[in-house]
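Encoded as structure tokens, the structure appears first; notes follow it.
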Amino acid sequence: MFTGETLGELEPCNCSGKMAGGLPRRAGYVAQQQGPRLLVDVGCVGRGARTWEQLRVRAALRAMKAMGYDAINVGEHEAWLGRDDLAGMASEDLPFVSANVIDASGEPAVLPFVIVERAGLRVAITGVLDDAVRDVGSGLKVQPPIEAVGRL
């Protein structure tokens, strides 16, 4: 299962013209699923760097941890925050991944991938951010996705 574009909304919201949020409904749906599963998010968990927006992101991340997410891709909203705030989000004991978001020294800003075992299978999960996203926060750079995945 995959989710995305939570955009810092905990309850369902169509405020910006795209559906966002809905974490209680999402948690209920995930809890009903039987058997082995992978649960990944394409990114953009939050929206903005103001204090109240970051509090909403922390709440969303706690909910996602409780649901058992296997990986969360670094989306453009996470990249806007910069290296330090991204590291803070990644320290919430959730596996943020990105093959192509790097720090100023050229090292991965988060885990380049995770390996998950389900039903006797080993699965590698990674993510990329479109390199057309040029407006990233302090201390981050975005490499071309195809090259970054090729290096993995």
Order by accessible surface, 1.4 Å probe, largest leading, for residues ASP85, ASP135 comes to ASP135, ASP85
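Could you check what % of the DSSP bridge pairs in the chain are antiparallel, to the nearest 5? Provide the component values of the computation, followed by the final result.
On the way: 10 of 17 bridges.
Bridges in the chain are about 60 percent antiparallel.
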Out of MET1, GLN32, PRO12 - ranked by how far each Cα lies towards the positive end of the dipole of the chain, with unit charges on the beta-carbon of charged residues - the top one is GLN32
Quick tally, 1.4 Å probe accessible area for MET89, MET1, sorted with the most first, runs MET1, MET89
Hydrophobic long helices for the chain, i.e. whole DSSP H runs reaching 30 angstrom or more by Cα along the axis with Kyte-Doolittle mean at least -1.0, come out as none
In the chain the accessible area split gives carbon plus sulfur, as whole percent at 1.4 Å, a share of 54
From DSSP H assignment alone, runs of 4+ in the chain each adding -39500 (n - 2.57), the sum over residues rounded to the nearest 500 puts [θ] at 222 nm at -9000 deg cm²/dmol
Place a point 7 Å from the Cα of VAL116 in the direction of its beta carbon; the residues of the stretch 65-99 whose amide N falls under 11 Å from it are 68-73, 95
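Could you give the size of the charge dipole of the stretch 66-152 about its Cα centre, using +1 on the Cβ of each K and R and -1 on the Cβ of each D and E, expressed in debye and rounded to the nearest 20?
On the way: 6 positive and 14 negative charges, 62 e Å.
Result for the stretch 66-152 is approximately 300 debye, rounded to the nearest 20.
Magnitude of the Cβ-charge dipole of the chain, K/R +1 and D/E -1, about the Cα centre, nearest 20 debye? Let's see the in-between values first.
Details: 16 positive and 19 negative charges, 90 e Å.
Dipole magnitude for the chain comes out near 440 debye.
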Per-residue accessible area, 1.4 Å probe, largest first, puts LEU23, LEU81 in the order LEU81, LEU23
Sorting THR126, VAL74, VAL116 by the position of each Cα along the dipole of the stretch 26-152 (Lys, Arg +1; Asp, Glu -1; all at Cβ), the one nearest the positive end of that ordering is VAL116
Computed over the chain, protein heavy atoms only, probe 1.4 angstrom, the accessible area per residue in square angstrom equals 54
antiparallel share of DSSP beta bridges within the stretch 54-138, to nearest 5, in %, is 65
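Using only Cα atoms, figure out Rg for the chain and give it as a multiple of 2.2 N^0.38 Å.
Values: Rg = 15.1 Å, N = 152, 2.2 N^0.38 = 14.8 Å.
For the chain, the normalised Cα radius of gyration is 1.02.
The values are calculated or read from the model by the stated rules, or taken from the named source; none is laboratory data. Computed from a predicted model, the values in this text were never measured in an experiment. A quick note on method: Cβ atoms are made from the backbone with ideal geometry, for glycine too, and the neighbour counts reach across all protein chains shown. Calculation scope for accessible area: heavy atoms of the full protein, side chains included, ligands and nucleic acids excluded. Shrake-Rupley method; radii C 1.70, N 1.55, O 1.52, S 1.80 Å.
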